[in-house]
Each structure stands twice: as structure tokens, then as C-alpha cells.
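J.: Handing you this structure, nothing more for now.
The values are calculated or read from the model by the stated rules, or taken from the named source; none is laboratory data. No experiment lies behind these values; they were computed from the predicted model shown. So basically every Cβ, Gly included, is an ideal-geometry build from the backbone, and we count neighbours across all protein chains shown. Each accessible area value is taken on the protein alone, full model and side chains, heavy atoms only, with ligands, DNA and RNA left out. Shrake-Rupley method; radii C 1.70, N 1.55, O 1.52, S 1.80 Å.
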Amino acid sequence: MLYDVQISSAPATEPVSASDVKTFLNISYATDDTIIGTMITSARFAIEQYTKRAFITQTIIAYYKSYDKTVNLPLQPIQSVTTVETVADDSTTTLTVNSDYYVKGVQDKYLDFTGVNSIPAGHSPYENTATYGLKVTYVAGYGAAGAVPQSIKDAIVRLTAYYYDNRADFVTGTIVQRLPLTVTSLLNGYKRYV
């Protein structure tokens, strides 16, 4: 059971630029570039949460209260798994790829545990792994901005434009509605349902 997700290393850049959004909005002045940049970051984050995907390379730490033989990681696509650790009240054990677990899947990858080797050091192989926590550190994202699918970039631009057009609500933090239909229609092919 997924407990918490932490972004250990945030994306170094955004999939779209303020210039992209300004072109869409037909804005030629630079006075709002800072707020547009902030809105781009907020739009990317909202869309990552909706699709359960990371767009630009970032390092993620996922914590699980318990786990089974198969573990789905919260944000895809996975570039690499850095460490997998079992956590008991009294110890932490680092697991070994292709021995204790395997990274499987083609597009959306997952961890498949081999069984006994997933038990923290000093514990019985007959104990249920569901009683131990798990900490997975991994790198996710399509890569650089150029690798992000165009429809995702278009959705970020449209959501940023929506935030910009409703900036009084954005600045006071009162935008709480679902993503606009024009945005979700661009994203449904990328949304994960796990």
C-alpha cells in the first residue's frame, strides 16, 4: 500500500516555456512572464497528478506501508530504479536488482519481487512481506522537454492559459475544480488507471 511520494530531485526545466504560452494567448509583453512561469509549473504538476506520469526527468522516492509480490510505482515512465529497501522497525535492507526483485514491463514498468530475498536482514523467511515497509528511489520521466509527447505539452499550455485567464483565483489559491475538458481530452490517452 502506497504511503507517501516525495520528489527528491525536481525537474530542471519545464516541458513548455512562457513563450509557448504567450504565443497561445497572443501576448507580446513580458510583464507577466514570472507569473506565467509559476503557472506552468502548477499546470505541469496538476497534469502529472492526473495522468500519474512524470514528464521531465526527476528523482522520486516512494514509500509503502506494506507490499506484495508486485509493486506499481506511482509515476511513470521509469528510466531507472536507483535503490529498493525493505524497512522493518529495527532494520533496513537494500535489495539487489535481478536477484531480490526484477523491473518488468514495457512502457509502464513495475517491480516483481522474488520472495524470500525480500525479507529484511535478521527476519525469518517464513514471515509475510506484507508486514514490512518498502522505500523505492527511482528516476522517472520522458527525459528532456523535447521528448515529452506534444499532446501533453498542448495540455500544459491550455491549462496554464486557463490559470492565466482566471489568475485572480490562481493567486489566492481558490482554483479547486477538476481540469477543464479541453485539457483532459488531450491527456486521456496517457492517463494511468492504477
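J.: Which FRET efficiency, nearest 0.05, do Ser8 and Thr31 yield, Cβ-Cβ r, R0 22 Å?
T.: Efficiency computed from Cβ-Cβ geometry: 0.05.
J.: Follow-up. In Å, what Rg and Dmax follow from the Cα atoms of segment 63-115?
T.: 11.2, 36
J.: Estimate the FRET efficiency between Thr94 and Ser185 by the formula 1/(1 + (r/R0)^6), using the beta-carbon distance for r and 45 Å for R0, to the nearest 0.05.
T.: Result of the calculation: an efficiency of 0.55.
J.: Let me ask something else about it. Per residue of segment 148-163, what does 6.51 cos²θ - 1.76 cosθ + 1.60 with θ = phi - 60° give for ³J(HN,Hα)? Whole Hz please, x for Gly and Pro, Karplus curve as stated.
T.: 6, x, 4, 5, 5, 4, 4, 5, 5, 4, 5, 5, 4, 4, 4, 4
J.: On to the next question. Per residue, how much accessible surface does the chain expose to a 1.4 Å probe? Answer in Å², no decimals.
T.: 52 Å²
J.: Could you tell me which label, among [x] -0.32, -0.79, -1.23, -1.35; [y] -0.52, -0.87, -1.14, -1.22; [z] -0.34, -0.81, -1.12, -1.21, carries the value of log10 I(q)/I(0) by the Debye sum over Cα atoms at q = 0.08, 0.14, 0.18, 0.19 Å⁻¹ calculated for this structure?
T.: Calculated log10 I(q)/I(0) by the Debye sum over Cα atoms at q = 0.08, 0.14, 0.18, 0.19 Å⁻¹: the matching label is [z].
J.: Oh, and also: Are any of the pairs Lys22/Lys109; Lys109/Lys135; Lys69/Lys153 more than 28 Å apart by Cα-Cα distance, and if so, which?
T.: From Lys22/Lys109; Lys109/Lys135; Lys69/Lys153, over 28 Å: Lys22/Lys109; Lys69/Lys153.
J.: Hey, another quick one. Springs between alpha-carbon atoms under 10 Å, Gaussian network over the chain: tell me which of Ser17, Ser80, Ser28 tops the mean-square fluctuations.
T.: Ser28
J.: Using amide H atoms built 1.01 Å from N in the peptide plane, name the residues 5+ places from Leu95, or on other chains, whose amide H lies under 5 Å from its own.
T.: For Leu95, the qualifying residues are Val84, Glu85, Thr86.
J.: Going by accessible area, probe 1.4 Å, with all protein chains left in place, what is the ranking of Leu111, Leu2, largest first?
T.: So the residues, ranked largest to smallest area, are Leu2, Leu111.
J.: List the residues whose amide H sits under 5 Å from the amide H of Gln76, counting only those 5 or more places along or on another chain, with H placed 1.01 Å from N in the peptide plane.
T.: Distant-sequence amide H within range of Gln76: Arg53, Ala54.
J.: Something else now. Using a 1.4 Å probe on the protein chains only, how many percent of the accessible area of the chain belongs to carbon and sulfur?
T.: Reported share for carbon and sulfur atoms: 51 percent.
J.: Something else now. For n ≥ 4 DSSP H runs only, could you compute -39500 (n - 2.57) per run for the chain, divide by its residues and tell me the 222 nm figure to the nearest 500?
T.: Taken over the chain, the calculation gives -9000 deg cm²/dmol.
J.: Rank Leu75, Leu181, Leu25 by mean-square fluctuation in a GNM of the chain with C-alpha springs under 10 angstrom and give only the top-ranked residue.
T.: In the Gaussian network model the winner is Leu181.
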